[in-house]
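Since the structure comes first, as structure tokens, the remarks are kept for the end.
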Amino acid sequence: MTRLFVLLLAVFSAAAHAGDTPRVLVTIKPVHSLVSQLLQGVSKPALLLDGYQSPHTFQLRPSDARKLTRADVIIWVGPTLESNLQKTLRQAEDKSIIQLTRSEQDQHAADYLHTDPHRWLDPVLAQADVTRITESFNRLYPDHAQQITANSQQLINNLRLLDNEIRQTFSDKAEISAILYHDAWHYFQARYGITTHGIINPTAHGQPGARHLFEISKAIEKQQTRCLLVEPQFKPRYLKTLQGKHKLRIVTLDPLAAELPAGPDTYFQMMRDIRDAFAQCR
Ligand SMILES: [Zn+2]
């Protein structure tokens, strides 16, 4: 009886991976876009968080749990971003989990790398992540290695061109007369040498304190800041007050591609929109 049970289990788990089509789930849209390019001609990855859902605070719904169950491979940024997913993924022993943030590497990195998980906003780091994901796929699905490797080379090449493009935009002047709403831009700013006038809400959870808002208001006045760069999903009332008081121009920054449809080109469109948003505020 026990033997039969073990045998059956072996058959089932072999079937889960022998299937020709990799069943991949990616947590956020920008990374989903990169993985879609990587798997072109092989399979279409599923997306966990769509629309305006924030990975910092989302709660797993039954439909999300079903998506997780259906996947053999799950790609996420890591516990500093999708913190509510940590427990679920730890229990998903039958799945291959690919995590983009790596603690060993981050120990020697700049301070912000410990706290800012938005690493996909740097096209150079994205190249490294694509390489790592490619290696994992090729190990898991050797039958598709040729196609995935070819896609990977093309994708990395496109990311290089994108990086050059953004670099050129900010080569002459990278001081941006703007304050940022969400503290998500260390990677992007560090890569292109961009400076701004401050961050309104340094934590992704809750609201900034009155004292911090007062300091921001003072900084705006002193530096004669022109723009407020804000994500489309954040619309707290105090932003309107701040905008009215200082005659700030509101410019949308969309680091999760919340306003774009999911697909292989989404990452590139999103990064060009972000570049344009910063550039408008010079
Ligand atoms: Zn964020």
Exercise. Could you list all residues from region 46-105 that are closer than 24 Å to THR21 by Cα and acidic (Asp, Glu)?
Key: ASP50, ASP64, ASP72, GLU93, ASP94
Quiz item: Taking into account only those residues within region 229-250 that are in a loop (DSSP other than H, G, I, E, B) and more than 29 Å from PHE58 (Cα to Cα), which is farthest from the ligand (Cβ to nearest atom)?
Solution: LYS247
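When you look at LEU81, is it over 26 Å from ASP265 (Cα atoms), at pLDDT 90 or above and part of a loop (DSSP other than H, G, I, E, B), yes or no? First the steps, then the outcome.
Working: over 26 Å from ASP265 (Cα atoms): no; at pLDDT 90 or above: yes; part of a loop (DSSP other than H, G, I, E, B): yes.
No: the conditions fail for LEU81.
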Exercise. Quickly run through region 215-239 and pick out the residues that are touching a strand residue (DSSP E or B) at 6+ places or on another chain (Cβ under 9 Å) and among the basic types (Lys, Arg).
Key: ARG226
Practice problem: Select from region 144-196 the residues that are in a strand (DSSP E or B) and away from the ligand (no atom under 16 Å from the Cβ) and list them in ascending order. | Solution: GLU175, ALA178, ILE179, THR195
Practice problem: Take region 197-216 and flag every residue that is away from the ligand (no atom under 16 Å from the Cβ) and part of a loop (DSSP other than H, G, I, E, B). | Solution: HIS197, GLY198, GLY209
Quiz item: Failed condition for VAL35, given (1) part of a helix (DSSP H, G or I); (2) within 16 Å of the ligand (Cβ to nearest atom); (3) out of contact with any Asp or Glu (no Cβ under 9 Å at 6 or more places or on another chain), with all others met?
Solution: (2)
Quiz item: Hey, among the residues in region 41-76 that are of a type in the set (S, T, N, Q) and either surrounded by 16 or more Cβ atoms within 10 Å (Cβ to Cβ) or under 13 Å from the mean Cα position of the chain (by Cα) (or both), which one's nearest to the ligand (Cβ to nearest atom)?
Solution: SER54
Quiz item: Of the residues that make up region 217-228, is at least one in a strand (DSSP E or B) and either surrounded by 18 or more Cβ atoms within 10 Å (Cβ to Cβ) or modelled with pLDDT under 95 (or both)?
Solution: yes
Exercise. Check off (1) more than 16 Å from the ligand (Cβ to nearest atom); (2) in contact (Cβ under 8 Å) with a residue 60 or more places away in the chain; (3) on the phi > 0 side of the Ramachandran plot for GLN224 and give me the number that stays unchecked.
Key: (2)
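The values are calculated or read from the model by the stated rules, or taken from the named source; none is laboratory data. Keep in mind the model is a prediction, meaning the values are calculated, not measured. When we count neighbours, we look across all protein chains shown, and the Cβ atoms used for this are built from the backbone with ideal geometry, even at glycine.
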